Amino acid sequence: MYLYLILILSSFAAAFVSGAAGFGGALLLLPVVTGCVGTETAVPVLTIAQLIGNFSRMAFGWKQIQWKPAGLFCITAIPLAALGAFGFSILPKMIVTRCIGAALILLVLFKMMKKVELKAGAKTLLAGGAVTGLLSGLAGSGGPIGAAVFLTLGLPPVSYIASEATTATAMHILKTIIYSKLVSVDQYAALTGVAMGLTMIAGTFCANRVIKNIEKAKFQKYVAVLLCTVGLYMLIMGKS
């Protein structure tokens, strides 16, 4: 019961963060889930929870989803997520995670110094989808990369959150199917993931109420700062 309480509270907090920024939930939850259910089933359980959580983010902003960029992103994200999911048990997660963290920090710093600028367009969405999908399958979370790509579109907060969540939902559906074949997930673990996901709906709802009142320019700065913070965490801790 104590472990369930920890998971429920952590799920709400993670959903609030990801619901307000478009990413970050997996980074907060994975260490907690690993400690409660074990390393072997942590990623599949978290994938189930994220599937429900991302679907709620998608549903709350349904009318503002930008389907064209989301579709372009998924063209490469979905097949690469499948490839990553098949190889997730082979490559060392620490190395992959630290590489993601370093890339995020450099991306934000270069953007601030105007040394590099991700341009909104089909090429950026396709390339970003490929990288995000592969990392999501391999390390359990490629959300920060996807967030950086969708940030280039200059969308209003709710539209940004819902559109990015649409791509995440598609990837998590596929990953759930593949993980169910690769990893033995018992009924207890599956129900744990479902319970966490349902709790994440409440966190997403609360976050959605908050971001509706944030100006677009301020929101983009907030996400950029959080991207850098997440990148530093991933670089130091080597977990995602």
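See the values below:
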read-out	value
Breaking point among (1) among the charged types (D, E, K, R); (2) within 30 Å of P79 (Cβ to Cβ); (3) modelled with pLDDT under 65, for D186	(3)
A202 being crowded, with 24+ Cβ neighbours inside 10 Å, in a helix (DSSP H, G or I), at pLDDT 70 or above and among the small types (G, A, S)	no
Subset of the stretch 122-139 that is of a type in the set (G, A, S) and touching a helix residue (DSSP H, G or I) at 6+ places or on another chain (Cβ under 6 Å) - its residue that is surrounded by the fewest Cβ atoms within 10 Å (Cβ to Cβ)	A122
Any hit, the stretch 89-105, residues being of a type in the set (S, T, N, Q) and at pLDDT 80 or above	no
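The values are calculated or read from the model by the stated rules, or taken from the named source; none is laboratory data. Being a predicted model, the structure only gives us computed values, none of them experimental. Every residue, glycine as well, gets a Cβ built from its backbone with ideal geometry; the counts of neighbours run over all protein chains shown.
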